[in-house]
Amino acid sequence: MPEMGAQENAALVRRGYEAFIAGDMDTLRDLFAEDAVWHVGGTGVLSGDKKGRDAVLSYFGELGTRSNGSMRVTVEDVAAGDRYTVGVQFSHAERNGKTLELRQVIVFSIVDGKVTEGTEMQEDTTAVADFWS
């Protein structure tokens with residue numbers, strides 16, 4: 001398969017965001033490599049590496065479950081370079097009387113038209129850990 005260019009990778013990430021926002025797990029499944037890894041930094045209950053497409057999708061589902069469906073992501077920008085595609089998002093969620101509102105950056109690695117790796121970068125890792133605990 002030919003190497004995807006920056007424009008195609010940005011379009012793929014935007015499609016992934018649209019699917020995530022719509023709760024369309026079938027489309028997300030198609031966009032991730034089977035052996036994809038998702039990195040969540042910090043020390044919270046959801047931190048750590050999610051290894052394999054099923055574990056990544058399960059993590060996405062848990063965000064929805066733990067926030068009682070209140071998780072909202074607004075895409076602010078998607079930028080693609082030679083090696084990485086970066087999504088900048090604003091996240092809002094509510095849980096147990098708490099509200100989480102912050103900017104996150106996700107660094108995507110894409111190979112042959114599939115996301116192989118995602119790394120979440122939080123604006124405030126302490127706030128994230130407190131919110132999901």
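The values are calculated or read from the model by the stated rules, or taken from the named source; none is laboratory data. None of these values were measured; they are calculated from a predicted model. Neighbour counts run over all protein chains shown; Cβ positions are idealised from the backbone, glycine included.
What to note about this one:
- Residue match in region 110-122 (condition: more than 19 Å from Ala10 (Cα to Cα) and surrounded by 14 or more Cβ atoms within 10 Å (Cβ to Cβ)): yes
- Residue list for region 21-45, restricted to those being under 13 Å from the mean Cα position of the chain (by Cα) and either acidic (Asp, Glu) or under 16 Å from Leu100 (Cβ atoms) (or both): Val40, Gly41
- Residue check, Phe32 within 15 Å of Ser109 (Cα to Cα), touching a helix residue (DSSP H, G or I) at 6+ places or on another chain (Cβ under 7 Å) and either touching a residue at least 40 places away in the same chain (Cβ under 8 Å) or not aromatic (Phe, Trp, Tyr) (or both): yes
- Every residue from region 27-43 that is surrounded by fewer than 13 Cβ atoms within 10 Å (Cβ to Cβ) and under 14 Å from Val56 (Cβ atoms): Glu34, Asp35
- Single residue of Val128, Val107 found to be surrounded by 14 or more Cβ atoms within 10 Å (Cβ to Cβ), touching a Ser or Thr at 6+ places or on another chain (Cβ under 9 Å), modelled with pLDDT under 95 and not small (Gly, Ala, Ser): Val128
- Tally of residues being closer than 18 Å to Glu62 by Cα and not aliphatic (A, V, I, L, M) across region 98-124: 8
- Scanning region 52-74 for residues that are at positive phi and loosely packed, with under 13 Cβ neighbours inside 10 Å returns Asn68, Gly69.
- Residue match in region 98-115 (condition: part of a strand (DSSP E or B), of a type in the set (S, T, N, Q), within 19 Å of Asp24 (Cα to Cα) and free of Cβ contacts under 8 Å to residues at least 24 places away in the same chain): no
- Within the option set Asp49, Asp77, Asp82, being surrounded by fewer than 17 Cβ atoms within 10 Å (Cβ to Cβ), in contact (Cβ under 8 Å) with a residue 60 or more places away in the chain and of a type outside the set (Ser, Thr, Tyr) holds for one residue only, Asp82.
- Selection within region 8-17: residues that are touching a helix residue (DSSP H, G or I) at 6+ places or on another chain (Cβ under 8 Å) and either more than 12 Å from Ile110 (Cβ to Cβ) or not small (Gly, Ala, Ser) (or both). The member of this set that is surrounded by the fewest Cβ atoms within 10 Å (Cβ to Cβ) is Arg15.
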